[in-house]
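Trainee: What follows is a single structure, and I will ask about it in a moment.
Nothing in this text is a laboratory measurement; each read-out follows from the coordinates by a stated rule. Fair warning: this is a prediction, and the values are worked out from it, not measured in the lab. When we count neighbours, we look across all protein chains shown, and the Cβ atoms used for this are built from the backbone with ideal geometry, even at glycine.
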């Protein structure tokens with residue numbers, strides 16, 4: 001009988017310890033989830049990308065990790081941002097791949113996509129072509145490769161991968177008219193240092209979407225080592 005109170009006390013202490021651990025884990029999970037969310041649209045996204053790019057050193061070039069992949073809609077904000085980064089004289093050794101909705105596909109899917117996006121996509125495609133043509137020698141000297149592809153799918157996600165493990169990703173949303181909305185909703189950032197299962201799932205999701213789109217995409221233009229390859233030369 002003298003042991004019973006001791007056992008009860010031990011059980012109580014164990015439950016309290018477990019409760020404390022559970023609260024701590026919940027707190028950490030909530031903290032990590034909050035830290036990964038980027039709200040307020042694309043402005044903050046590009047600030048995050050800037051910080052990530054700063055941390056990719058020259059050694060990453062030799063490992064083939066100085067890469068940016070973009071799953072875009074019309075590239076209305078992605079291309080101006082990337083052009084600014086490319087123009088930075090300190091940028092070298094980068095490989096940039098961009099995916100953009102095919103303008104003709106947009107006009108064929110006006111119940112799901114805003115028809116004005118076709119003009120927007122066309123404008124950005126033309127600007128990228130012109131820039132790569134004008135700057136091909138500069139890009140060669142700085143070892144920068146740029147590729148642009150167009151795809152004909154309704155995308156599930158859009159976003160960026162820097163290297164192979166730093167991902168900024170968002171899901172497509174629907175507007176009140178039943179069309180894909182502008183990408184002004186929240187994004188999530190999964191940095192290289194995040195080794196959680198959730199981060200790995202999202203990295204896998206980005207790679208799966210990128211690779212599947214590239215499988216059937218049309219390469220519009222590629223600038224590599226001073227040679228400009230247009231779609232007609234694929």
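Trainee: Once each part is reduced to its C-alpha centroid, what is the distance from the range 196-234 to the range 83-142 in angstrom?
Mentor: Cα centres, the range 196-234 to the range 83-142: 13 Å.
Trainee: A follow-up question, please. What does a probe at residue 140 reach in the range 195-234, counting residues whose amide N is under 14 Å from the point 7 Å along Cα→Cβ?
Mentor: 223-229
Trainee: When a/c reaches 1.5 or more, the comparison of a/b and b/c decides; with that in mind, is the range 136-198 rounded, prolate or oblate per its Cα gyration tensor?
Mentor: Cα axes put the range 136-198 in the oblate bin.
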